[in-house]
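Accompanying notes for the structure given below.
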Amino acid sequence: MNLGLSEEQQMLQKSARDFFEKECPKSLVREMARSEAGHDPQLWQKMAGLGWMGLAFPDACGGSGGSFLDLVILLEEMGRACLPGPYFSTVVLCGLTIVDAGSEELKKTQLPLIARGERLMAFCLTEPSASYDAAAIAARATLQDGHYLVKGTKLFINDAHIADDLLCVARTSESHDTDQGITLFLMDARSPGIACTVLNTIGLDKQCEVVFNDVSVGNEAVLGNPGHGWPVVTRALERAAVGKCADMVGSAAAALEMSTSYARERVQFGRPIGSFQAIQHYCANMAVDVEASRIVTYYAAWRISEGLPCAMDVSIAKHWVNEACQRVTTLGHQIHGGLGFCDDHDMHLFHRRVRGSSLLLGDTTFHQKAIAGELLA
């Protein structure tokens, strides 16, 4: 195993960092966060023009044939830039799930649209229990006259308010094994019976409540085999959890750089505050947490890219990164003192993003339980 970046990956990292520094200043980040849509369509099209929407899609479906590790490098740069918008929900959660389980027809029609930036999607999984377990899926899809009627409420669904399509996880049959009877449906987000409400969140992202009231979908809307969709969901969650780790690593790395720069420049009692031992320890602890977070994230991403078993590694990464990156941004606030607590200071953007991401795709307790389950099985 070599976690060093290839020449192509270094070029991707540099081009992404240069692009976001130029095209996505923090003023635009704030503007997007305050907007109703939560993203900038012009910026989205520029990203699509660079081939980032289809980076990890197969060549035959309009993609670039890149690896998941390539995608993780890009996601880290998005976290560094605090980029809002539907990239994660459209590409990571929905696009790659279609690659996994979609029919050939679906891959040929939907993936090129995503790759060209012409289609936005949202992954409708979590419900009021806010759990990522199959047992928590209460939404029902009932087969009636050749069509499924989907009924239920989904919560904390990112970007559903602007999505063209929704990928909804629902239960189509009951079984003593709660992993059975789960089916995925890809449906038009404007179908009759769908209602969407945007929620206010700490992460300044656009999470929604989506209500499905007997939404009618045909058999062609089913991804994979009816009733056997949970393994597809599990794989999607593993990828997304590692992708979210990469996003948090990027934000934490930016918070570290901002803090060390401030510690060198800010003079107190006639000397830079970075000369004080307490600040030095803060910076050192932040650096250790950022680097350790990057290593566990890249290791889990590498295992996914290689098609190796990764459940334990994904949970270790998300558990560690959740806590470590929150420590980094908290120390960043302490180094900046009162300035860091001003609402218009950029440290808030990183702290909010890391805090919000630590709760998505499994919080620390969820992954702690998963690790214990693997160890004690």
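The values are calculated or read from the model by the stated rules, or taken from the named source; none is laboratory data. Computed from a predicted model, the values in this text were never measured in an experiment. Using ideal geometry, Cβ is built from the backbone for each residue, glycine included, and neighbour counts are taken over all protein chains shown. Protein only, heavy atoms only, side chains kept; ligands, DNA and RNA dropped before computing areas. Shrake-Rupley method; radii C 1.70, N 1.55, O 1.52, S 1.80 Å.
Worth pointing out:
- Spatial offset of region 85-120 relative to region 121-199 amounts to 17 Å, using the alpha carbon center of each.
- Region 315-370-region 1-58 distance, computed between alpha-carbon centres (Å): 21
- Helix-only CD estimate at 222 nm, as mean residue ellipticity for the chain, using -39500 (n - 2.57) per DSSP H run (n ≥ 4): -16500 deg cm²/dmol
- In this rough spin-label picture, where each label sits 7 Å from Cα along the Cβ direction, the Ala37-Phe276 distance is 4.5 nm.
- Highest-MSF residue in the chain out of Gly102, Gly49, Gly79 [GNM, Cα springs under 10 Å]: Gly49
- Overall, the anisotropy analysis places region 192-233 in the oblate class: the square-rooted eigenvalues a ≥ b ≥ c of its C-alpha gyration tensor yield a/c not less than 1.5, with a/b not exceeding b/c.
- Listed peptides 252-260, 176-184, 25-33 by packing density, highest first (mean Cβ within 10 Å): 252-260, 176-184, 25-33
- Backbone phi angles across region 193-204, fed through the Karplus curve with coefficients 6.51, -1.76 and 1.60 (θ = phi - 60°), yield HN-Hα couplings of x, 9, 10, 10, 10, 7, 9, 8, 10, 5, x, 6 Hz in residue order; Gly and Pro are listed as x.
- Cysteines in the chain lacking a second Cys C-beta under 4.7 Å: Cys24, Cys61, Cys82, Cys94, Cys196, Cys208, Cys245, Cys283, Cys310, Cys325, Cys342
- Greater than 24 Å apart at Cα, pairs in Lys26/Lys244; Lys14/Lys108; Lys108/Lys318: Lys14/Lys108; Lys108/Lys318
- Cross-link partners of Lys154 among aspartates and glutamates, defined as those whose alpha carbon lies under 15 angstrom from its own and excluding same-chain residues fewer than eight positions apart: Glu127, Asp133, Asp165, Glu209, Asp214.
- Computed packing ranks the peptides 67-76, 283-292, 129-138, 146-155 as 67-76, 146-155, 283-292, 129-138, most packed first, by mean other Cβ atoms within 10 Å.
- Cα gyration tensor category, rounded, prolate or oblate, for region 17-79 with a/c compared to 1.5: prolate
- Region 171-253 shape via C-alpha gyration tensor axes, a/c threshold 1.5: oblate
- Difference of contour (0.36 nm per residue) and Cα-Cα distance, Asp177 to Lys14: 54.0 nm
- Take each peptide in 269-281, 82-94, count the other Cβ atoms within 10 Å of every residue, and average; sorted highest first, the result is 82-94, 269-281.
- Fraction of accessible area attributable to carbon and sulfur, the chain (%, probe 1.4 Å): 53
- The residues of the chain have, on average, 44 Å² of accessible surface per residue, using a 1.4 Å probe with all protein chains present.
- For region 323-377, relative contact order (Cα pairs under 8 Å, six or more residues apart, normalised by length) works out to 32 percent.
- Principal-axis tilt of helix 347-359 within the chain, Cα atoms, nearest 10 degrees: 40
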